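The values are calculated or read from the model by the stated rules, or taken from the named source; none is laboratory data. Since the structure is predicted, the reported quantities are computational estimates derived from the model, not experimental observations. Backbone-built Cβ (ideal geometry, glycine too); neighbour counts: all protein chains shown. Accessible surface areas use protein heavy atoms only, side chains included; no ligands, DNA or RNA. Shrake-Rupley method; radii C 1.70, N 1.55, O 1.52, S 1.80 Å.
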Protein chains: 2
Amino acid sequence: MDTIIFRTATLADLEAIVSLLADDALGALRETVASPPAACYVSAFQAIAADANQRLVVAADGDVIVGTLQLSFIPGIARRGAWRGQIEAVRIAASHRSAGVGQRLFEWAMAACRARGCQLLQLTTDKGRPDAHRFYEKLGFVASHEGYKLAL
Amino acid sequence: MDTIIFRTATLADLEAIVSLLADDALGALRETVASPPAACYVSAFQAIAADANQRLVVAADGDVIVGTLQLSFIPGIARRGAWRGQIEAVRIAASHRSAGVGQRLFEWAMAACRARGCQLLQLTTDKGRPDAHRFYEKLGFVASHEGYKLAL
């Protein structure tokens, strides 16, 4: 635990990030794990890296990636021009769950959002993930909104 | 109705956008209406305009702004590197509600997201807005997620 650091992901982390996203009941149906990562993932990594308002983050224990999330910093007119932070694609390696890594990763992410002047942090989580709901509520998140999705 | 167009907002639209955001039970508590708009709104407008992945949109009936929303185009690793569209800060002028303007604005926004290669469109809406829920469900949105918020 004490050796884990949180940092912006590099292209060398991408394979491990895809593996984490796939290691999940919902993710397994949606992702393709390969070495090296498929071109679609490399393109996505480059799009994130090219956007100053996106930040792909990993928790690294030495050379091993044990967690990931993506931060988006979103400017907006509402709430007197408040910036909001948004978190997507959260995963903690099965080997490191319930050990406080997720909580430390989120505390780090909240500090990153405050440093960027965000007044609000938001995320949506599938209604079929009750463990995640408990985790977010313990961190102080309030399920005040319905999260709607539409496939295009 | 036939004279309404949908387009990217200009700075000249900002005062009307703030007025629309404030003309709402929740928004009235959060916004400051002034002419010209307060500096916080101008800064926010400039941050949106400077980000190629943000698009502030208005529905205009001649010189009158009758609706607004903000589109965000968000790159991500999950779902094989899918881009997602996100909608925030939706308002239709009281004078134009229930007249199909909202539906046309959303159809326009969906087309804009498809044109940018987004595979998914998402939004959150306060659980205290049942009329909005019916509107989104009629458009095909599914309330599959909990929407969590945390004040920073």
Select from the range A:52-107 the residues that are farther than 30 Å from B:LEU21 by Cβ, among the aliphatic types (A, V, I, L, M) and in a helix (DSSP H, G or I) and list them in ascending order. A:ALA94, A:VAL101, A:LEU105
Please work out which one of (1) more than 9 Å from every other protein chain (Cβ to nearest Cβ); (2) without any contact (Cβ under 8 Å) to a residue 40 or more places away in the chain is the condition A:GLY100 fails and give its number. (2)
Are any residues in the range B:127-152 more than 7 Å from chain A (Cβ to nearest Cβ) and under 18 Å from A:ASP126 (Cα atoms), and if so, which ones? B:GLU137
Can you tell which of A:VAL33, A:VAL18, A:VAL42, A:VAL57 is more than 24 Å from A:GLY100 (Cβ to Cβ) and touching a Leu at 6+ places or on another chain (Cβ under 8 Å)? A:VAL42
Is one or more of the residues making up the range A:106-122 free of Cβ contacts under 8 Å to residues at least 12 places away in the same chain and buried (at least 20 other Cβ atoms within 10 Å of the Cβ)? no
Of residues in the range A:1-51 being touching a strand residue (DSSP E or B) at 6+ places or on another chain (Cβ under 6 Å) and part of a loop (DSSP other than H, G, I, E, B), the one nearest to the other protein chains (Cβ to nearest Cβ): A:ALA9
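Every residue in the range A:137-148 that is open to solvent by less than 20 Å² (accessible area, probe 1.4 Å) and either charged (D, E, K, R) or not in a loop (DSSP other than H, G, I, E, B) (or both), please. Spell out how you get there, then give the answer.
If we filter the range A:137-148 for residues that are open to solvent by less than 20 Å² (accessible area, probe 1.4 Å), which is where we start, we get A:141, A:147-148.
Answer for the range A:137-148, where residues must be open to solvent by less than 20 Å² (accessible area, probe 1.4 Å) and either charged (D, E, K, R) or not in a loop (DSSP other than H, G, I, E, B) (or both): A:GLY147, A:TYR148.
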Can you tell me which residue within the range A:55-71, out of those that are open to solvent by 20 Å² or more (accessible area, probe 1.4 Å) and either of a type outside the set (A, V, I, L, M) or at the interface with chain B (Cβ under 7 Å from one of its Cβ atoms) (or both), is farthest from B:ALA78 (Cα to Cα)? A:GLY62
